[in-house]
1. Restricting attention to the stretch 172-205, which residues are within 22 Å of residue 123 (Cβ to Cβ) and acidic (Asp, Glu)?
2. Taking the condition away from the ligand (no atom under 13 Å from the Cβ), under 15 Å from the mean Cα position of the chain (by Cα) and assigned to a loop (DSSP other than H, G, I, E, B), does residue 84 pass?
3. Working only within the stretch 140-157, note down all residues that are within 18 Å of the chain's Cα centre (by Cα), in a helix (DSSP H, G or I) and surrounded by fewer than 23 Cβ atoms within 10 Å (Cβ to Cβ).
4. Return the pairs, sorted by first residue and then second, in which the second residue is within 10 Å of the ligand (Cβ to nearest atom), the first residue lies in the stretch 176-189 and is hydroxyl-bearing (Ser, Thr, Tyr), the beta carbons are less than 7 Å apart, and the residues are 6+ apart or on different chains.
5. Please work out if residue 112 is among the basic types (Lys, Arg) and more than 10 Å from the ligand (Cβ to nearest atom).
6. What residue, of 171, 160, is under 20 Å from the mean Cα position of the chain (by Cα), at pLDDT 95 or above, in the same structural domain as residue 228 (by TED's automatic domain parsing) and within 15 Å of the ligand (Cβ to nearest atom)?
7. Between a first residue in the stretch 127-140 that is in contact (Cβ under 8 Å) with a residue 24 or more places away in the chain and on the phi > 0 side of the Ramachandran plot and a second residue that is part of a helix (DSSP H, G or I) and more than 16 Å from the ligand (Cβ to nearest atom), which pairs have beta carbons less than 8 Å apart while being 6 or more apart in sequence or on different chains?
8. Might you check whether a residue that is without any contact (Cβ under 8 Å) to a residue 60 or more places away in the chain, assigned to a loop (DSSP other than H, G, I, E, B), within 16 Å of the ligand (Cβ to nearest atom) and within 17 Å of the chain's Cα centre (by Cα) occurs anywhere in the stretch 4-26?
Amino acid sequence: MKIARVFPRRTNSTPVDNLAFIGHPDLFSGLVEVDKIHISVTFSWDLPDAEKLYKEWSEIAPTEIGGPATGQRGDDFTPGMYLKKGYVITSRGCPNRCWFCSVWRREGDTLRELPVTEGWNILDDNLLACTDDHIKTVFAMLARQKKRPFFTGGLEAAKLKPWHVKEFAKLNPIEMFFAYDTPNDREPLFEAGKILKAEGFKVCHPLRCYTLIGFPGDTFEKAETRLFDCVKAGFMPMAMLYRNQSGERDSNWIRFTWPWARPATVRAKCKEAGIWLAEK
Ligand code: SF4
């Protein structure tokens, strides 16, 4: 069956083949011969646009709306279908139930290990919560790739074991993202930083850390402390600004976030604060 995929917006991970479309159909879209059209929605704030897209694309072929924002559980992963080639998901779900997170609500809190397909950018919800056998299969797959891996799905520091770190070191990732979302993450992050450093990982490279900020009750001061803590633990922070269900974000928080989402400006902030721990 020939399926076209439509995405409300382009991101780094959007497929680029000739059956992947962004937004509204154009003059030539009617010439595309497909059996079905899937509108894939990642972010809940794109759902109203997806409804409009549904009406327009339905005139071309039978159309469905799906994707994480609809609350639909993910199936087995098909490389290149809803994510660009190279991106890969080998497990879905997470045993944690973080208050702000949609993963366990959508995928369940029982983690599902999927057949491991080829790719080099791991997007699993919580790879380190998988069984050792599954993680070893993923590492073996990554070792076969011609490209160095990225771990952009978010690694849970509390689940990091010394054997993972040895394997990570062999894989020599370009970037690996941990997460500092709740106060419970702080201590494990510092512990993970120590194990990684002992295995030869440099401070802040390739170690990164998604850091949730701007949620109800958060302040600039508290957020800055957590962001600097990431650096002290050995990770380059990447601020992730909290959004409510409708996707709204406070403009003051947007201004605060911007310099904390880019390594160059984070370095400048650390230098200013005299806590830069860069190692070459
Ligand atoms: S650990 Fe990550 S994936 Fe799991 S519930 Fe928390 S935020 Fe979501």
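1. 175, 181, 185
2. Details: away from the ligand (no atom under 13 Å from the Cβ): yes; under 15 Å from the mean Cα position of the chain (by Cα): yes; assigned to a loop (DSSP other than H, G, I, E, B): yes.
Answer is yes for this residue.
3. Let us first name the residues in the stretch 140-157 that are within 18 Å of the chain's Cα centre (by Cα), namely 142, 148-157.
Add one more test, that the residue is in a helix (DSSP H, G or I), and what stays is 142, 157.
Passing the criteria: none in range.
4. Qualifying pairs under 7 Å: 182/98.
5. Numbers: among the basic types (Lys, Arg): yes; more than 10 Å from the ligand (Cβ to nearest atom): yes.
Answer is yes for this residue.
6. Numbers: 171 fails: within 15 Å of the ligand (Cβ to nearest atom).
The match here is 160.
7. Partner pairs satisfying both residue conditions: none exist.
8. no
The values are calculated or read from the model by the stated rules, or taken from the named source; none is laboratory data. Keep in mind that what you see is a predicted model, and the values were worked out from it rather than measured. Neighbour counts are summed over all protein chains in view; Cβ atoms, including those assigned to glycine, are modelled from backbone coordinates with ideal geometry.
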